1. Consider Ala121 carefully, then state whether it is exposed (fewer than 10 other Cβ atoms within 10 Å of the Cβ) and out of contact with any Gly (no Cβ under 8 Å at 6 or more places or on another chain).
2. Quick one: is Arg154 modelled with pLDDT under 60 and surrounded by 12 or more Cβ atoms within 10 Å (Cβ to Cβ)?
3. Could you grab me the full set of residues in segment 1-55 that are surrounded by 10 or more Cβ atoms within 10 Å (Cβ to Cβ) and in a loop (DSSP other than H, G, I, E, B)?
4. Could you tell me which of the residues Ala97, Ala90 is part of a helix (DSSP H, G or I) and among the hydrophobic types (A, V, I, L, M, F, W, C)?
5. For the structure I just gave you, tell me whether Pro89 is at pLDDT below 90 and exposed (fewer than 10 other Cβ atoms within 10 Å of the Cβ).
Amino acid sequence: MSDDKTKVTDKASEIAKNIWLAGVGAYGKAVEEAQGRLEKAMEPPKLFRDLVKAGTALEEEARDTTASARHSVEERINRVRENFHNQRPARIEDLTALHKKVDHLTRKVDKLSKALTAQSAAKKAKLVATPARRAAGTRTSANKPKSPPAKAARKTATTAKTTAFKKAPTPSKRKA
């Protein structure tokens, strides 16, 4: 029995020793974890700096987005303003300037029509002079006898042109 007692005592002491060692191991592990946490607790300035850096980047991105959105809105407002100014009613100064331009163009058209009338009169005078050349016996392509229908058609066309210019009203005496 004494042998059994010693075995039990050895076994109990071994179990007690293992319990003691487990407690010491737990204490050591707890100390290591505490030191790790302490080191991490000492890192907040680094963690804080990283967070500030990330926040700064996000803020700059938000500013850029806001600036581009503001620019886009300002562009739209400017376009609306331009369209509004382009669609404004005509002012009296604008109408007066337009009347002056129309009067100037009307005078030019009148001068051109008078020049055409004078030119056609000169051609008629030249045609009247050709019978005198015929009497002299000179024949040119300008005074060759022409067929009566062609001559009548040309005369009708010339008369129609000069009549159209003579009948055109002159808008130079408009009311402003």
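The values are calculated or read from the model by the stated rules, or taken from the named source; none is laboratory data. Computed from a predicted model, the values in this text were never measured in an experiment. Virtual Cβ from ideal backbone geometry, glycine too; neighbours counted across all protein chains shown.
1. In short, no.
2. no
3. Selection gives Glu43 alone.
4. Ala97
5. So Pro89 passes the test.
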